[in-house]
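The values are calculated or read from the model by the stated rules, or taken from the named source; none is laboratory data. On a predicted model such as this, the values are computed, not experimentally measured, just so you know. Neighbour counts run over all protein chains shown; Cβ positions are idealised from the backbone, glycine included.
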Amino acid sequence: MAKYYIRLKRTGCIGAVSCEAMAPLHWKLADDGKIDLINSKLIDKENDIWELVIDEKDLEKNKDAAKACPVNVIEIYDEKGNKIA
């Protein structure tokens, strides 16, 4: 089964929560007014980038979440590192 990598550049988040509306099982507004990518891991502390590995069944709703983000801080990559959203 294919794996996909969601990356959140959290410092750029403005708390619009459009991603949470699209994929509430993966996104949640935190107390600081920015979004959290649920169960993700911090992969770049300096730039506050978080990553979560998902499979195909969660891909479309998270692509919708990435497209809905007004500040484009959500990116999705395939296993080869190609940006797909």
Among (1) over 23 Å from K3 (Cβ atoms); (2) of a type in the set (G, A, S); (3) crowded, with 16+ Cβ neighbours inside 10 Å, A23 falls short only on (1)
Within the bounds of the range 59-78, is there any residue that is out of contact with any helix residue (DSSP H, G or I) (no Cβ under 6 Å at 6 or more places or on another chain) and among the aromatic types (F, W, Y)?
yes
Go through (1) part of a loop (DSSP other than H, G, I, E, B); (2) modelled with pLDDT of 95 or more one by one and return the number of the condition M1 breaks.
(2)
Result of the Cβ filter at 7 Å on the range 44-60, keeping first residues that are part of a strand (DSSP E or B) and partners that are polar (S, T, N, Q) and crowded, with 16+ Cβ neighbours inside 10 Å, at least 6 apart or interchain, is W50/S40; E51/S40; L52/S40; I54/N62
